[in-house]
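The values are calculated or read from the model by the stated rules, or taken from the named source; none is laboratory data. Note that this is a predicted model, so its numbers are computed, not measured. Here the Cβ is made from the backbone with ideal geometry for all residues, glycine too, and neighbour counts use every protein chain on show. The area values use the complete protein model at the heavy-atom level, side chains included, leaving out ligands, DNA and RNA. Shrake-Rupley method; radii C 1.70, N 1.55, O 1.52, S 1.80 Å.
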Amino acid sequence: MTIEYLKRGRPEADRAQDDAKVRQIVETTLADIEARGDAAVRELSEKFDNYAPESFRLTQGEIETLIGELSDREIADIRFAQEQVVTFARAQRDSMQDIEVEPLPGVILGHRNIPVQSVGCYVPGGKFPMVASAHMSVATASVAGVPRIVAATPPWQGKPNPGVVAAMHFGGAHEIHVLGGIQAVGAMALGTETIDPVHMLVGPGNAFVAEAKRQLFGRVGIDLFAGPTETMVIADETVDAEMCATDLLGQAEHGYNSPAVLVTNSRKLAEDTLAEVARLLSILPTADTAGKSWEDYGEVILCDSYDEMLEVANDIASEHVQVMTDRDDWFLEHMTCYGALFLGPRTNVANGDKVIGTNHTLPTKKAGRYTGGLWVGKFLKTHSYQKILTDEAAAMVGAYGSRLCMLEGFVGHAEQCNLRVRRYGGENVPYGAAAPHREAAE
């Protein structure tokens, strides 16, 4: 196997040091929010966002005023994108059925899909107002039937962003708070004097938001660990360097630590893409951000074969994987570890981010090895139930249960089963049941 790195990102050890610093800051900050509530949240908002209104929660009137700042075209575009997300989420919801079966006569087993009862949706927006993230979390939670949806987003240029607020409102948010960062997810998860705690946190964010969700997991549920944006382009000679470089830098502009990786079996494409990235960075308005990400986290990996490309891609397990080859469906069939696939040159990650309808909150940092992205099912809890309808079934299952409990040494468990055998078995107590009770009686 011959894999050549024409460009590497920062060493993993350096990245681990960054993660350790973030971890410590988040731990201290969450403890402060838990101890001091609203006072801590207000101080953090003033410190990091220079924003301290009388109330962080928007009133209905404030929401309507902000929406009024948008043009008809902007509102129509927001609604169109949200409609695509909702349509796909509804189709996904329809695929999840409650079930009830009778595997044995008189024995009923089933499950119900029940919405999480309260969800906190974080929508990033300090540097770029992430209008689309409101569709992905708020609107999808609404399709799932979540009865209390709390949305939070940081101020943008000193005030609430009208586009983000509109998307939250149209999506079905019951509360909208203008709060960012650790203070937002901390307040929603832990609760303060003015914000009741939620049962689950969802939504992407920067490294601090992702780490806060990780530390809060267990106290509340989370969707997944959605850290800095990652993108991978898998390409061969069927596409050119301009398309590869554009797709890499289009995601690298998310932040200063957004990995962007080209995996190819064409040396010419690899070298041409490196040159094209340099050219685009000389004219891209967001080059300060994208260039830093490319410098520290960009990689170009040259492979000998498609099998090697597949192996590398599955190992990296990138959040976004753009496939542009002569065998895109082969990658669809064989890829196992990723956030979302974007197949063929006609599609791109920006479509998925903003409008096409799939959810853009996706696993990062190799989490695609064990989970997919946010979807309507993440807001639903599948709960099982069971009931026994006949005396015969109660005695028969009880007898098996009694013997299996005794095999493990659980006498009290066995007696739960034995009691049913004695009550419902009549004269036909199955062999081996009720033994613990009888021995105790003797």
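Couple of notes before you dig in:
- With Cα atoms defining each centre, region 46-92 and region 220-276 are spaced 30 Å apart in the structure.
- Mean Cβ count within 10 Å, highest first, over the residues of peptides 380-390, 128-138: 128-138, 380-390
- Convex hull volume of the Cα atoms of region 67-219, normalised per residue: 132 Å³.
- Grouping the Cα pair distances of region 364-430 into 5 Å bins from zero gives a pair-distance distribution of 4, 16, 16, 13, 9, 6, 5, 11, 11, 6, 3, 1, 0 percent in increasing distance order.
- Computed log₁₀ I(q)/I(0) - Debye formula, equal Cα scatterers, no solvent, region 183-233, q 0.14 Å⁻¹: -0.35
- For the pair Glu74 and Glu34 in one chain, pulling the backbone fully straight at 0.36 nm per residue adds 10.5 nm over the alpha carbon distance.
- Within the chain, helix-based [θ] at 222 nm, where runs of 4 or more DSSP H residues each add -39,500 (n - 2.57), nearest 500: -14500 deg cm²/dmol
- Over 21 Å between alpha carbons, listed pairs Lys354/Lys381; Lys47/Lys365; Lys21/Lys213; Lys47/Lys159; Lys127/Lys159: Lys354/Lys381; Lys47/Lys365
- 17 Å tail of the calculated P(r), region 81-167, as % of Cα pairs: 59
- Rg then Dmax, both in Å and based on the Cα atoms of region 146-205: 11.2, 32.
- Our analysis of region 234-372 gives Rg over Rh at 0.93, with the two radii drawn from alpha carbon positions and Rh computed by the Kirkwood formula.
- Legend: Rg and Dmax of region 1-102, from Cα coordinates, 23.5, 63 Å.
- The H on the amide N of Ala260, modeled in the peptide plane, is under 5 Å from the matching H of Thr231, Gly298, Glu299, each at least 5 residues off or on a different chain.
- Cα-based shape type of region 136-235, given that a ≥ b ≥ c are square roots of the gyration tensor eigenvalues and the cut on a/c is 1.5: rounded
- Normalised contact order of the chain, rounded percent, pairs of Cα under 8 Å and 6 or more residues apart: 18
- With coordinates expressed along the principal axes, the C-alpha atoms belonging to the chain extend over 90, 62, 43 Å, beginning with the largest.
- Burial order of peptide ranges 180-188, 91-99, 258-266, 153-161 (average beta-carbon count within 10 Å, highest first): 180-188, 258-266, 153-161, 91-99
- On the principal axes of its alpha-carbon atoms, region 16-71 has extents of 45, 27, 16 Å, going from largest to smallest.
- Highest average packing first - 232-243, 199-210, 45-56, Cβ atoms within 10 Å: 199-210, 232-243, 45-56
- Solvent exposure of the chain as accessible area per residue, Å², 1.4 Å probe: 48
- In region 253-328, the portion of solvent-accessible area held by carbon and sulfur atoms comes to 48 percent [1.4 Å probe, whole percent, DNA, RNA and ligands not counted].
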